[in-house]
1. Being acidic (Asp, Glu), touching a residue at least 24 places away in the same chain (Cβ under 8 Å) and in contact with a Pro (Cβ under 6 Å, 6 or more places away or on another chain) is the requirement here; does Asp138 meet it?
2. Thr56: out of contact with any strand residue (DSSP E or B) (no Cβ under 8 Å at 6 or more places or on another chain) and surrounded by fewer than 17 Cβ atoms within 10 Å (Cβ to Cβ), yes or no?
3. Go through region 52-92 and give me each residue that's part of a loop (DSSP other than H, G, I, E, B), closer than 18 Å to Lys107 by Cα and polar (S, T, N, Q).
4. Take the residues in region 66-116 that are exposed (fewer than 13 other Cβ atoms within 10 Å of the Cβ) and among the polar types (S, T, N, Q), then tell me which one is modelled with the lowest pLDDT.
5. Among what's in region 14-40 and is part of a loop (DSSP other than H, G, I, E, B) and farther than 25 Å from Ile89 by Cβ, pick the residue that is modelled with the lowest pLDDT.
6. Read through the list (1) within 14 Å of the chain's Cα centre (by Cα); (2) touching a residue at least 40 places away in the same chain (Cβ under 8 Å); (3) within 17 Å of Glu33 (Cβ to Cβ), then give the number of the only condition that Ile89 fails.
7. In region 102-125, is there at least one residue being out of contact with any strand residue (DSSP E or B) (no Cβ under 8 Å at 6 or more places or on another chain), closer than 19 Å to Gly42 by Cβ, assigned to a loop (DSSP other than H, G, I, E, B) and in contact (Cβ under 8 Å) with a residue 40 or more places away in the chain?
Amino acid sequence: MATKSLIFSFYTLFLLLLLSPFSSQNPTPAHSELTNYGFPIGLLPSSVLGYSINITTGDFSVDLGGSCKVTLPPDNYLATYSKKVTGKIVAGRIADIDGIRVRAFFKWWSITGIRSSGDDLVFEVGMVTAKYPSKNFDESPACEGKHSAS
């Protein structure tokens, strides 16, 4: 009898974990907001705690609760997110981004803008741009840990 109860408990725990709101498969409202403007959810890590947006101006703020690092596809660039990411969003364009940096060519660069261009995303780092297929950002990455490069 105790074995059946134990199996039932493990089965229930397994189902709860699958249906948990903390699952990376459940986008937050901030992730859903990205899709409203034509962007994939993978531009933000899965650790979003909250966000605010001014619908008139497009100014936004995303609270991650702490800084984190992720590996960006397809070239496995290391990126860091500050605990707060801000910018301005309109359909197909995110500008004035503050709080996202990427390591390339042995240096940290701030991503200042992102444009949606057909099936691609164009990342702006100052005057330099890089284009990647937007399908590479269909899943929201999990934070890999804290960082100290700011």
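The values are calculated or read from the model by the stated rules, or taken from the named source; none is laboratory data. A quick note: this is a predicted structure, and the numbers were derived from the prediction, not measured. With ideal geometry, Cβ positions are generated from the backbone for all residues, glycine too; neighbour counts draw on all protein chains shown.
1. yes
2. Yes; evaluated as a whole, the condition is true for this residue.
3. Selection gives Asn76 alone.
4. Asn76
5. So, considering only residues that are part of a loop (DSSP other than H, G, I, E, B) and farther than 25 Å from Ile89 by Cβ, the one modelled with the lowest pLDDT is Ser20.
6. (1) is the only condition that Ile89 fails.
7. Among the residues of region 102-125, not one is out of contact with any strand residue (DSSP E or B) (no Cβ under 8 Å at 6 or more places or on another chain), closer than 19 Å to Gly42 by Cβ, assigned to a loop (DSSP other than H, G, I, E, B) and in contact (Cβ under 8 Å) with a residue 40 or more places away in the chain, which makes the answer no.
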